[in-house]
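First comes the structure, then the notes that go with it.
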Amino acid sequence: MKVIIAPDSFKGSLTAREVCEAAVAGVAAIGSAVECVTVPMADGGEGTVQSLVDATGGSLRRATVTGPLGEPVVATYGILGDGRTAVIEMAAASGLPLVPEGQRDPLRTTTYGTGELIRAALDEGCRKLIIGLGGSATNDGGLGVAAALGARLLDDAGEPVCPTGAGLARLRRIDTTSMDPRLRETDGRVACDVDNPLYGPTGAAQVYGPQKGASPEAVRELDDGLRNFAAVVERDLGVAVADMPGAGAAGGLGAGLVAFCGARLERGVNIVIEAVELRQRMAGCHLCLTGEGRIDGQTVFGKTAKGVAEVARELGVPVVALGGAIEEDAPGLSECFDAVFCTCVRPMTLEQAMAPDTAKKLIGFTARQIVSLWIAREKPIASTGRS
């Protein structure tokens, strides 16, 4: 029997690779009749770099870049096993956790450090980029990324504008003639799992600005700034980003990466599925195990486990999901998975369940029971001798 194990991380507890290792350890107790294929997964959010590096035999890199408030930070990115593809989480350089709570203000923060990570990847020889959005402290429309890569962002007087959220309203002209020429030969894919437009009631500032520390006045200023940004981008770069689904992701960075880097916005889990060659590795398997820390109504809306399940369905492979917690009446779970199992097999606190050693044992035990049951269903039923 061949089992593919393709989970997301159990956030706050185990990485996707550690979940794979725990499941394999549990299944190993069944014996040599079971072959396990492990594929750590992600959906473009937190943990994507580690999962893709683990799944492809790649390596991690570290670079000192500009943090959201202009201070130096050490950020990690990955080079995949092909040696040509870099994977970057924008939050590593421009994320909300990098800004102390009392200093959070998206009028002041910048994505400049994310642009520096892109440049570092280009210096490594990478010409394929996977950029995960999410967890941003910023609302600058990608002005920081553009500035770091050589764009000139000018005001009415022809002076440079500060590449922050506050700079959006002052922007009058964009000059990309000095941008890094290597971008023209680079394929950029942006993992984006929201469809918010750039501005307006469902745009970047109004929906996500308050979470990043924006006051009501700042939200209005940022929203107006993004309107201005969209107009200047369309006039100077010929790219219409105002109504583009996903343009508002990460404070408008979705729009910025399309406009300045020629990148494409895509569903995050689909990018990961392709990068780790999930379809090829799942072919010929008899059972698929996937999962995440909590399985609930959000799971079926484009998250990792749903993406894995879709591939399994395409290939006719039964798929079972494991979760540290399960919302048992969540709509859509039974249509998405053949079965869903909770790894918590006894009463315990959340802290106990998330402790890494405990979580590994629980995942291993649950994976072993699922695979054992699957093997048992293939055995012929012994005759009782009764007619």
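Computed values, structure above
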{"read-out": "Checklist (1) closer than 30 Å to GLU274 by Cβ; (2) surrounded by 14 or more Cβ atoms within 10 Å (Cβ to Cβ) applied to GLU314, failing item", "value": "(2)"}
{"read-out": "Helices (runs of 4 or more DSSP H) enclosed by segment 84-184 - at least 1 residues per element that are basic (Lys, Arg)", "value": "112-123, 167-170"}
{"read-out": "Pairs with Cβ under 8 Å, 6+ apart, first in segment 290-319 and over 22 Å from THR15 (Cβ atoms), second in a helix (DSSP H, G or I) and of a type in the set (Gly, Ala, Ser)", "value": "PRO318/ALA312"}
{"read-out": "Condition broken by THR66, with the remaining ones in (1) touching a residue at least 60 places away in the same chain (Cβ under 8 Å); (2) farther than 27 Å from ASN270 by Cα; (3) in contact with a Lys or Arg (Cβ under 9 Å, 6 or more places away or on another chain) satisfied", "value": "(3)"}
{"read-out": "One residue from ALA247, ALA242 being at pLDDT below 95 and either crowded, with 24+ Cβ neighbours inside 10 Å or more than 13 Å from the chain's Cα centre (by Cα) (or both)", "value": "ALA242"}
{"read-out": "Failed item in (1) of a type in the set (Lys, Arg); (2) surrounded by 19 or more Cβ atoms within 10 Å (Cβ to Cβ); (3) farther than 26 Å from ALA305 by Cα, with ARG189 passing the rest", "value": "(3)"}
{"read-out": "Single condition VAL308 does not satisfy, out of (1) β-branched (Val, Ile, Thr); (2) over 19 Å from the mean Cα position of the chain (by Cα); (3) under 30 Å from ARG127 (Cα atoms)", "value": "(2)"}
{"read-out": "Of all residues in segment 224-254 being in a loop (DSSP other than H, G, I, E, B) and not aliphatic (A, V, I, L, M), the one that is farthest from ASN196 (Cα to Cα)", "value": "GLY238"}
{"read-out": "Any chance GLY291 is buried (at least 21 other Cβ atoms within 10 Å of the Cβ) and either at negative phi or over 25 Å from the mean Cα position of the chain (by Cα) (or both)", "value": "no"}
{"read-out": "Any hit, segment 231-238, residues being in contact with a Leu (Cβ under 7 Å, 6 or more places away or on another chain), buried (at least 24 other Cβ atoms within 10 Å of the Cβ) and assigned by TED's automatic domain parsing to the domain that holds THR109", "value": "no"}
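The values are calculated or read from the model by the stated rules, or taken from the named source; none is laboratory data. On a predicted model such as this, the values are computed, not experimentally measured, just so you know. Don't worry about glycine lacking a Cβ; one is built from the backbone with ideal geometry, like all the others, and counts go over all protein chains shown.
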